[in-house]
Amino acid sequence: MTDAHAAGILPCQNIEDLIAEEAITSATPFDVDQVQPASLDLRLGARAWRIRASFLPGLHRKVPERLRDVAMHELDLTKGAVLEKGCVYIAEIQERLALPMTVSARGNPKSSTGRVDVFVRLLTDHSRAFDDVDAGYTGPLYIEIAPQTFSVLVRAGTRLNQLRLKRGEPAKLATRSVGVDLVSDTGVVGFRGRRHAGVVDLDHEDGHDPRDFWEPLEARHGELLLDPGEFYILASKDDIEIPVLEAAEMTPIDPSVGEFRVHYAGFFDPGFGTEEAAAVGSKGVLEVRSHETPFLLEDGQTVARLVYEPLTARPKRLYGEGGSHYQRQGLKLSKHFKAWS
C-alpha cells in the first residue's frame, strides 16, 4: 500500500488494494466503476426497515439490536421499494469492512443523493457518531435514509453514499470559503423543489422531466429570499478546483452566520475542476435548506467552506476521467433529470 508513515486520504489504487486484501468485502461482486479517485461507492443491500426514530447503537450495542426496538416494518429491496418523504429508514449495505488498525473511514452522501434532498448517514455497530468509522473496525455497514422533499424509488445495488478511507490523521492543508452565485445571464439562479411531486427513481438517469419536480428561481438585485422548510439548488460564485494530490470536503458554516444548511454531499475528489482533467471552470452545486426563519441571501455571500486534505499518493484516475455528470458543471440538477430547457 502506501508509505506506513504517510497520513492522508487513500487514493483509488490503495482502495483497490484493500479490496484485494479483503479488508473491504461485498456480498456481491464489486462494480467496475465503484472505486472513485479517492472514495468507494457503497451499495444498498437486500433489506431495509422503516423506523419510528433515528438512533445510534452506542458503544455496547450492534445496529440489529437497536433495530428491534424501533423497526416498524421490513422492505425487500431486491424487488425495489419506494421510500416516502418524511419517513426514516435503515438499510443494509452490501460492503463489509475489516480495516487495518491504521485505517479509518468516513461516509458521506453522493452528489446525486444530496441534490434530490435525501438525507443519508452511515452507521456501524457500536458507533457513537454517524458517518465516522473507527480505525480497525470489523463488521457490517448500514445506512440511515430520510427523504425530505421527494419520495424515492431504490433497489438493492442503488448507490446513495460513499466511503472515504484515510491513514492516520491528515493535516488540514487549507480552508476556502464558498460564496453563492445569485447573478445569471439566463435569469435563472437556482431551483426550488416542488413539494407535491412524484417519485424519483434513483437508478434512472436522464429519466425525469425537471419541470415536474423543480421551480426555476430568479434573483432580484442579486438577492434571494429562502423560505423556511424549502429545498434549493444553487451554484457557487467561483469555480472550484481540487488539486490532484488533494481531496476536499464541503462543510457548513457556523449557524450564527445564517439560518440555513448547505451541502449534504460534501466530498470532492482529486481532479475536480482541474486543467489535468480538462475541466477548468467547474462550479460547486449547493444544496440549501432554510431553517425556522426566512433568510435573505446576497450574491457572493459565504455559505459553506471547503476543507482540503492530502492524499497519500497521486491517484491513478482523476475525477471525471472516462465521463462524469458533474465535471465542468454550472448550475445543474442531479443526473436523474433531463437538461432544463
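The values are calculated or read from the model by the stated rules, or taken from the named source; none is laboratory data. Just so it is clear, the model here is predicted, and its values are computed rather than measured. Note that we place each Cβ from the backbone using ideal geometry, even for glycine, and neighbour counts take in every protein chain shown.
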Report task. Please report, ordered by residue number, the strands (runs of 3 or more DSSP E) entirely within the stretch 243-341 with at least 3 residues that are modelled with pLDDT of 85 or more, under 21 Å from the mean Cα position of the chain (by Cα) and surrounded by fewer than 21 Cβ atoms within 10 Å (Cβ to Cβ). Result -> 302-310
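Quick grid of which residues meet (1) crowded, with 19+ Cβ neighbours inside 10 Å; (2) closer than 21 Å to LEU311 by Cα; (3) of a type outside the set (A, V, I, L, M, F, W, C):
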{"residue": "LEU99", "(1), (2), (3)": "yes, yes, no"}
{"residue": "VAL103", "(1), (2), (3)": "yes, yes, no"}
{"residue": "GLY114", "(1), (2), (3)": "yes, no, yes"}
{"residue": "THR124", "(1), (2), (3)": "yes, no, yes"}
{"residue": "SER127", "(1), (2), (3)": "yes, no, yes"}
{"residue": "ASP132", "(1), (2), (3)": "no, yes, yes"}
{"residue": "GLY136", "(1), (2), (3)": "no, yes, yes"}
{"residue": "GLY157", "(1), (2), (3)": "no, no, yes"}
Report task. Return a yes/no flag: does the stretch 163-175 have any residue that is of a type outside the set (Lys, Arg) and buried (at least 19 other Cβ atoms within 10 Å of the Cβ). Result -> yes
Query raised in the report: Just wondering, is there one or more residues in the stretch 189-203 that are touching a residue at least 60 places away in the same chain (Cβ under 8 Å), closer than 30 Å to LYS62 by Cα and surrounded by 15 or more Cβ atoms within 10 Å (Cβ to Cβ)?
Result: yes
Query raised in the report: Only one of (1) among the acidic types (Asp, Glu); (2) surrounded by fewer than 16 Cβ atoms within 10 Å (Cβ to Cβ); (3) at pLDDT 95 or above fails for ASP239. Which number is that?
Result: (3)
Report task. Could you tell me which residue of the stretch 210-229 is farthest from the chain's Cα centre (by Cα), considering only residues that are of a type in the set (A, V, I, L, M, F, W, C) and part of a loop (DSSP other than H, G, I, E, B)? Result -> ALA219
**Report entry** strands (runs of 3 or more DSSP E) contained entirely in the stretch 25-97, each with at least 1 residues that are touching a residue at least 60 places away in the same chain (Cβ under 8 Å)
**Finding:** 39-51, 81-83
